[in-house]
Amino acid sequence: MDDDAARRRLWQLTLLRLACFGVFLLGIAIIYTDIARPGGWPQLGAIICIVAAVAPLAITFALKRRRDRERP
């Protein structure tokens with residue numbers, strides 16, 4: 001594997017994790033603020049937080065599986 005491909009993959013995974021962290025923070029904001037509805041919305045915020053926490057793992061495994069299939 002060449003260095004450019006490894007560097008590109010590292011940046012992709014880093015940006016994915018940062019995006020999921022942002023979505024996680026949005027879920028926290030939905031729980032405790034009036035963004036979605038007055039008084040907060042704990043159920044929706046919790047669902048968003050859980051999905052944002054699990055998504056990087058699932059996407060990382062899916063990308064690895066796809067990369068392994070593409071190798072000759």
For the range 1-60, give me each residue that is of a type in the set (S, T, N, Q) and in contact with a Pro (Cβ under 8 Å, 6 or more places away or on another chain). none
Cβ-Cβ under 7 Å pairs, at least 6 apart or on other chains, the range 51-72 side under 17 Å from residue 6 (Cβ atoms), far side at pLDDT 90 or above and not β-branched (Val, Ile, Thr): 60/13
Of the residues in the range 36-67, how many are surrounded by 13 or more Cβ atoms within 10 Å (Cβ to Cβ) and not in a helix (DSSP H, G or I)? 3
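The values are calculated or read from the model by the stated rules, or taken from the named source; none is laboratory data. Keep in mind that this is a model prediction, so the values were computed, not measured. Backbone-built Cβ (ideal geometry, glycine too); neighbour counts: all protein chains shown.
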